[in-house]
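Working notes, structure below.
Every read-out reported here was derived from the displayed coordinates using simple, explicitly stated rules and does not represent laboratory data. Note that the structure is a prediction, hence the values are computed from the model and not measured. Heads up, the Cβs are rebuilt from the backbone with ideal geometry, glycines too, and the neighbour counts pull from every protein chain shown.
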Amino acid sequence: MKKILFLFIGGVLLLLALFYAFNYFVPYSEGVRSGELIKISKKGVIVKTWEGEISQGISGAQIFAFSVLDKDREVIDKLQEYQGRYVKVGYTERFFTFFWLGDTKYFITKVEQEQSPHFRN
């Protein structure tokens, strides 16, 4: 009886580990978005995650919400530097997220400053 219980619990744990690994390492999509960086903050009560928003429209009606992993310190530093400016970000979309990774399914992997299309000469 103990052997069956041990195998069952081991199987469930293995399935959960495979599910997590698949979600973490296999992206749903990858892409690029641009807009005015309007927010970057570290938030949460128990687990703090980096969250941000990019306004993709003139009126701010189209907001792209994203998360940044703690390990991407260079990206976080650049986002804090570019606050309020027009940026282009590369992102990876996951099937869904876990609460300790971030609030959104979109995770920023790179960021660069762009010239705003509203103020070009």
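If you rank L69, L37 by fewest surrounding Cβ atoms within 10 Å, what's the result? Numbers along the way, then the final one.
Values: L69 16, L37 23.
In increasing order of surrounding Cβ atoms, one gets L69, L37.
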Legend entry - Amide H contacts of T109 (H built 1.01 Å from N, under 5 Å, at least 5 apart or other chain): G90, Y91, T92
Legend entry - Theoretical FRET efficiency, 1/(1+(r/R0)^6), r = Cβ-Cβ of V45 and Q83, R0 22 Å, to 0.05: 0.40
Inset, instruction - Take T109, T97 and order them by how many other Cβ atoms sit within 10 Å, fewest up front. - result: T109, T97
Legend entry - Helix-only CD estimate at 222 nm, as mean residue ellipticity for the chain, using -39500 (n - 2.57) per DSSP H run (n ≥ 4): -9000 deg cm²/dmol
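Would you mind ranking R33, R73 by Cβ crowding within 10 Å, fewest neighbours first?
Numbers: R33 15, R73 11.
So the ranking, lowest neighbour count to highest, is R73, R33.
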Inset, instruction - Let me know the shape class of segment 28-119, please: from the alpha-carbon gyration tensor, a ≥ b ≥ c as square roots of the eigenvalues, rounded when a/c is under 1.5, otherwise prolate if a/b is greater than b/c, or oblate. - result: prolate
Inset, instruction - Just subtract the alpha-carbon distance of L14 and Y28 from 0.36 nm times their residue separation and send over the number in nm, one decimal. - result: 2.8 nm
Inset, instruction - Return the sequence-ordered ³J(HN,Hα) values of segment 11-26 in whole Hz as given by the Karplus equation 6.51 cos²θ - 1.76 cosθ + 1.60 applied to θ = phi - 60°, using x for Gly and Pro. - result: x, 5, 5, 5, 4, 5, 5, 5, 4, 5, 4, 4, 5, 6, 9, 10
Inset, instruction - Starting from the Cα of A21, step 7 Å along the direction of its Cβ; do the same at F96; then give the gap between the two resulting points in nm. - result: 2.1
